[in-house]
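These notes are about the structure you will find just below.
Since every read-out is calculated from the coordinates, none of them should be taken as a lab result. Quantities reported herein were computed from a predicted structural model and do not represent experimental measurements. Note: ideal-geometry Cβ built from the backbone for every residue, glycine included; neighbour counts use all protein chains shown.
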Amino acid sequence: MGTALVYHEDMTATRLLWDDPECEIECPERLTAALDGLRQRGLEERCLCLSACEASEEELGLVHSPEYIALVQKTQTLDKEELHALSKQYNAVYFHPDTFHCARLAAGAALQLVDAVLTGAVHNGLALVRPPGHHSQRAAANGFCVFNNVALAAKHAKQKYGLQRILIVDWDVHHGQGIQYIFNDDPSVLYFSWHRYEHGSFWPFLPESDADAVGQGQGQGFTVNLPWNQVGMGNADYLAAFLHVLLPLAFEFDPELVLVSAGFDSAIGDPEGQMQATPECFAHLTQLLQVLAGGRICAVLEGGYHLESLAQSVCMMVQTLLGDPTPPLLGLMVPCQSALESIQSVQTAQTPYWTSLQQNVAPVLSSSTHSPEERSLRLLGESPTCAVAEDSLSPLLDQLCLRPAPPICTAVASTVPGAALCLPPGVLHQEGSVLREETEAWARLHKSRFQDEDLATLGKILCLLDGIMDGQIRNAIATTTALATAATLDVLIQRCLARRAQRRILWLNIRGKDAAIQSMFHFSTPLPQTTGGFLSLILGLVLPLAYGFQPDMVLMALGPAHGLQNAQAALLAAMLRSPVGGRILAVVEEESIRLLARSLAQALHGETPPSLGPFSKATPEEIQALMFLKARLEARWKLLQVAAPPP
Ligand code: X5A
Ligand code: ZN
């Protein structure tokens, strides 16, 4: 089980045959640049490469009218003048004698990818295609798009596999109005699109691209538009949109399949988008989606016109689909004012349809509340504006550093016999230990708190910590005896802090004991009992904090009274992998490990966590506790903001 890459060289055949500044960016080099990038990084050979086949006329008919299909077919025999004349009848479209063949390959590639994922041949995959699809409509080409590849994929998944809930995530910088029209009244397809909008002054200039277009009839609430009203949106803005809009709805929707309209014109450097998200952002967006639908993700290329930025972003996505850890995200994690206003507008429009948003009352910070956090905020500088820095591009693309994937994915050091833990295959038992002298020195520091028999375990745990810090081990689970837990955590933290290069630890202490101090770096909240409350905790609080803090490592401590269900622990671990590049050390007290080990190890190892169960609305008490904390913390941790403060 792996990642499929669907492609056919013939899709480089179609190209613009006359002068047209609007259309010239949709060029064959887009595909070759993306593919070369994948080859150079050794990613292509790690995928299951499938050669695209043309979609049949019947398959095209799932979305398009017979007349339109016949018309596109006819373009094969037209001469240049006739092609030009026909192209002018559509908005931002060019035809080429090979367009019909290429567009059928593109649609066919999307269908093959759905087949590969839904038959279980692969977990996920990417179809590298031209022409793109999301602007195409039942009987019209539009915006470089001829057949609507992703809409066809969704119809195919419904028709051939009987799927009832499909999520389409359209992160292309343009509004995929074609997809919106096709599923406008269909509640089985949740369509999410963010797009450059600028209050309607950006192509395709449609009022129905705004946040108040939510779908019609049975489909109300199943179209989700997030219009960006300024250019320059970056990593923090995209993350905020995922954490505060897309993911809450997606969890509530509970899709069986995720289709991604993967346009990379929303990445930095793109001449169309003028946005600032760096290529690594797409690794993070991909990993955040991987907790949905059992990890069944089919991505289909849409736009992306800056060849270097496109190639890097495609590599980031494929690397993440393959299961590699996410590279760190650059930049201050502070969404801009305009992004927050857009997020607010889509929340307002969608709240009637989604329980997960209804419980998301934005915290109101009264102006008299002065938190101690405000001072440290100043140190970070003013919040960035959404202006594009022209000369910022090449250094950002050059910086893209790829941490090699650690040779060991998940390691376990346990005081409990391995057989009792039912660990999934691929999880290794830690045999090594740090030097005895060092272990003893640490133990002496915490004299009264370690028994002799704890020393061997401590040595192993310290070795796990080193492995994670040195990039030898991606993540790990360790067990401790009840008596030694607190001291072990102290030693781990002190040892991390002693290493200069790695000093940011996000410590999640879930041990059923109240934390004593409340400060901006140390706070506690009760564990919600509802799925809605738990999701709000993760999406609305823990992940925004983790992304804002950008830790070198997450230390997840689970005591006997941790109160987490297995699925909750798995989801927490799986989602925390994103902000920390996978570097999680879970320390579990013996009493809990037999039940938890397998779920935790599976999640850390990259398996999609099991469902939390049916969505249940957070209780007023849970909401209140979360809002209280958010209100205290959002002055310092700007990703917590879900609403725009008054300008
Ligand atoms: C697929 C895609 C953009 C069309 C822009 C026309 N189309 N100005 O990115
Ligand atoms: Zn686009």
Considering the dipole of the chain built from charges on the beta carbon (Lys and Arg +1, Asp and Glu -1) around the Cα centre, which of PRO352, SER65, LEU626 is farthest to its positive end? LEU626
Which far-off residues, 5 or more places away or on another chain, put their amide H under 5 Å from the one on GLY426, with H placed in the peptide plane? none
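If you look for lysine pairs in the chain that are eight or more places apart or on different chains, how many of them have Cα atoms under 21 Å apart?
So the count of such lysine pairs works out to 6.
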Percent of Cα-Cα distances greater than 12 Å, calculated over the range 1-58: 74 percent
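Just order 148-159, 534-545, 347-358 by mean Cβ neighbour count inside 10 Å, highest at the front, would you?
Values: 148-159: 26.3, 534-545: 23.1, 347-358: 18.4.
The peptides rank, most packed first, as 148-159, 534-545, 347-358.
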Placing each pseudo-label 7 Å from Cα in the direction of the beta carbon, ASP10 and ASN91 end up separated by a distance in nanometres of 3.1 nm
In debye to the nearest 20, the charge dipole size for the chain, taken about the Cα centre with +1 at each Lys and Arg Cβ and -1 at each Asp and Glu Cβ, equals 2180 debye
Return the percentage of antiparallel bridges among DSSP beta bridges fully within the chain, rounded to the nearest 5 %. 5 percent
Using Cα-Cα distances under 8 Å and only pairs 6 or more residues apart, what relative contact order does the chain have, in percent? 13 percent
In whole angstrom, how far apart do the alpha carbon centroids of the range 296-346 and the range 422-469 sit? 38 Å
Listing SER136, SER188 from the residue with the fewest other Cβ atoms within 10 Å to the one with the most, what is the order? SER188, SER136
Between GLU208 and GLN358, take the C-beta separation as r, use R0 = 25 Å, and let me know the FRET efficiency to the nearest 0.05. 0.55
Out of all DSSP beta bridges in the range 121-280, what portion is antiparallel? Express it as a percent rounded to 5. 10 percent
Taking square-rooted eigenvalues a ≥ b ≥ c of the alpha carbon gyration tensor, is the range 93-166 rounded, prolate or oblate, where a/c under 1.5 means rounded and, failing that, a/b exceeding b/c means prolate? prolate
Rounded, prolate or oblate: which fits the range 253-365, taking a ≥ b ≥ c as square roots of the Cα gyration tensor eigenvalues, rounded meaning a/c under 1.5, else prolate when a/b beats b/c? oblate
The chain pair-distance distribution - Cα-Cα, 10 Å bins, rounded %: 3, 16, 26, 26, 17, 8, 3, 1, 0
Any idea which of PHE523, LEU126, SER611 is furthest toward the positive side of the dipole for the chain, if Lys and Arg beta-carbons carry +1 and Asp and Glu beta-carbons -1? PHE523
When ARG632, ARG130, ARG165 are arranged by how many other beta-carbons sit within 10 Å of their Cβ, fewest first, they go ARG165, ARG632, ARG130
Once you order the gyration tensor axes a ≥ b ≥ c over the Cα atoms, which shape class does the range 402-482 get: rounded for a/c under 1.5, otherwise prolate or oblate by comparing a/b with b/c? oblate
Separation of the LEU497 and GLU198 label points, Cα + 7 Å toward Cβ, nm: 5.0 nm
Please give, to one decimal in nm, the separation of the simple spin-label points placed at THR351 and ASP19, each 7 Å out from Cα toward the Cβ. 5.3 nm
Return the long-range amide H neighbours of TRP194 (sequence gap of 5 or more, or a different chain), with a cut-off of under 5 Å between placed amide H atoms. ASP170, LEU226
Test of understanding: what is the full-extension gain from LYS80 to LEU332, defined as 0.36 nm times their sequence separation minus their Cα-Cα distance? 85.7 nm
Long-range amide H partners of ALA127, meaning residues 5 or more apart or on another chain whose placed amide H is closer than 5 Å, are VAL6, ALA299, VAL300, LEU301
Scalar couplings 3J(HN,Hα) for the range 205-212 by Karplus 6.51 cos²θ - 1.76 cosθ + 1.60 (θ = phi - 60°), nearest whole Hz, x for Gly and Pro, are 6, 10, x, 6, 8, 7, 5, 7
Suppose R0 equals 45 Å; then what is the FRET efficiency for GLU341 and CYS53 from their Cβ-Cβ distance, rounded to the nearest 0.05? 0.50
